[in-house]
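Please treat every number below as a calculation from the coordinates, not as lab data. Remember, it's a predicted structure, so these values are computed and weren't measured experimentally. When we count neighbours, we look across all protein chains shown, and the Cβ atoms used for this are built from the backbone with ideal geometry, even at glycine.
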Amino acid sequence: MLRRRLAELLSRASDGDLGVEEIMSASGSLTALGVTSLTYLRLIDAVEEEFGVELDGPAVLDTLDGLAAHIADRQAAPR
């Protein structure tokens, strides 16, 4: 469910240039998928707002699975 929600946010951040199913099925990096720097900025804003987690550096944004794992780890960590 988290992975799908991130794909939806990414699709919206790309102004629909990337479809949710296309994002979900991609196995490589988000950059290889065609994510631009503007899309990354929009995605970071959306993720930080929706999930209340800070994204630490570009490696977190390399893949959809990596991003999902980072958010899950941050949400599970004691506050």
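Observations
- Label selected from (1) 11.6, 37; (2) 11.1, 31; (3) 16.7, 58, the criterion being Rg and Dmax of the Cα atoms in Å as computed here: (1)
- Stretchable slack from Ala69 to Glu8, in nm (0.36 nm times residue separation minus alpha-carbon distance): 20.3 nm
- Gain in span if fully extended, Glu50 to Ser27, counting 0.36 nm per residue against the direct Cα distance: 5.8 nm
- Summed side-chain charge close to Gly19 - residues other than Gly19 whose Cβ falls under 13 Å, Lys, Arg +1, Asp, Glu -1: -3
- Averaging 1/r across all pairs of distinct Cα atoms in the stretch 1-46 and inverting the result yields a Kirkwood radius of 10.3 Å.
- Over all other residues within a Cβ to Cβ distance under 12 Å of Arg5, the charged ones net out to +1, with Lys and Arg as +1 and Asp and Glu as -1.
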